[in-house]
1. When you scan segment 1-23, how many residues do you find that are of a type outside the set (Asp, Glu), surrounded by fewer than 10 Cβ atoms within 10 Å (Cβ to Cβ) and in a helix (DSSP H, G or I)?
2. Here are the criteria: (1) part of a helix (DSSP H, G or I); (2) at pLDDT below 95. Tell me which single one residue 50 does not satisfy.
Amino acid sequence: MDNAEIAVIRHLTELLDIERDARREAQAKADLLAKERNELVMTVGRLQGKVMVLTSKLGSSGQT
């Protein structure tokens, strides 16, 4: 192998390392986004439950 081939291999290895780092970073961001989304879904579910309870209480208090 001559110096040019070695330089190309080094350059391609560097590019591969950069791509791997970028992929890991993107995956970490996607994981964080999914976690935040799941937390929001649970919060909305709890709020919907509270609204239903309050609506039920308001409905039953108007009938007495």
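The values are calculated or read from the model by the stated rules, or taken from the named source; none is laboratory data. Computed from a predicted model, the values in this text were never measured in an experiment. Neighbour counts run over all protein chains shown; Cβ positions are idealised from the backbone, glycine included.
1. As a first pass, look at segment 1-23 and keep what is of a type outside the set (Asp, Glu): 1, 3-4, 6-13, 15-16, 18, 20, 22-23.
Checking the rest, the ones that are also surrounded by fewer than 10 Cβ atoms within 10 Å (Cβ to Cβ) come to 1, 3-4.
Narrowing further to those that are in a helix (DSSP H, G or I): 3-4.
Total satisfying the criteria: 2.
2. Of everything listed in (1) part of a helix (DSSP H, G or I); (2) at pLDDT below 95, residue 50 misses just condition (2).
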